[in-house]
Amino acid sequence: MNDEKNRNGKEIQVNIKVEEEIAEGVYSNLAKISHGIDEFTLDFIYINIDPPFGKLRSRIILTPQHAKRLSIALNQHIEKYEMNFGEIKISQDGPDGFNYIQ
């Protein structure tokens, strides 16, 4: 599924198995990030506004190094997206009044 290079610079292929339930993904409209000395925790939450309730959809725990690699990769993809589709406009508050930036 993915081509990588090992430490010797040789290209290797990594096959990643994905369970169907995970491949379907989950919807999240709020993310909360916390960290300690050894890890970052990303909580992906769904907030329903009527009636108001929230549900934790997924929690991902990363090493600081992997969190930084994720940040770099996400920024690169956002730049590519905006080159193709235009600037992504955001505000602190969503249309329903919730603050989606944590």
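The values are calculated or read from the model by the stated rules, or taken from the named source; none is laboratory data. Here the structure is a predicted model, which is why all the values come from computation and not from measurement. Glycine gets a Cβ as well: all are built from the backbone with ideal geometry, and neighbour counts include every protein chain shown. Just so you know, the surface numbers come from the protein's heavy atoms only, side chains and all, with ligands and any DNA or RNA stripped out. Shrake-Rupley method; radii C 1.70, N 1.55, O 1.52, S 1.80 Å.
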Item to check | Heavy-atom SASA rank of Phe40, Phe53 (probe 1.4 Å, accessible area, largest first) | outcome: Phe53, Phe40
Checklist entry - Under a 5 Å amide H to amide H cut-off, with H placed in plane at 1.01 Å, what residues pair with Ser58 once short-range neighbours are removed? => result Phe44
Checklist entry - Counting other Cβ atoms within 10 Å, which GluC sites (Glu not before Pro) in the range 1-75 have at most 10 and lie in a DSSP loop? => result Glu19, Glu24
Checklist entry - Relative to the Cα centre, what is the charge dipole magnitude of the range 1-90, using +1 at the beta carbon of each Lys and Arg, -1 at the beta carbon of each Asp and Glu, and rounding to the nearest 20 debye? => result 300
Item to check | Separation in nanometres of the label points that stand 7 Å from Cα toward Cβ, at Asn75 and Ser28 | outcome: 2.0
Item to check | Length gained when the stretch Lys68-Val18 is fully extended (0.36 nm per residue, less Cα-Cα span) | outcome: 15.6 nm
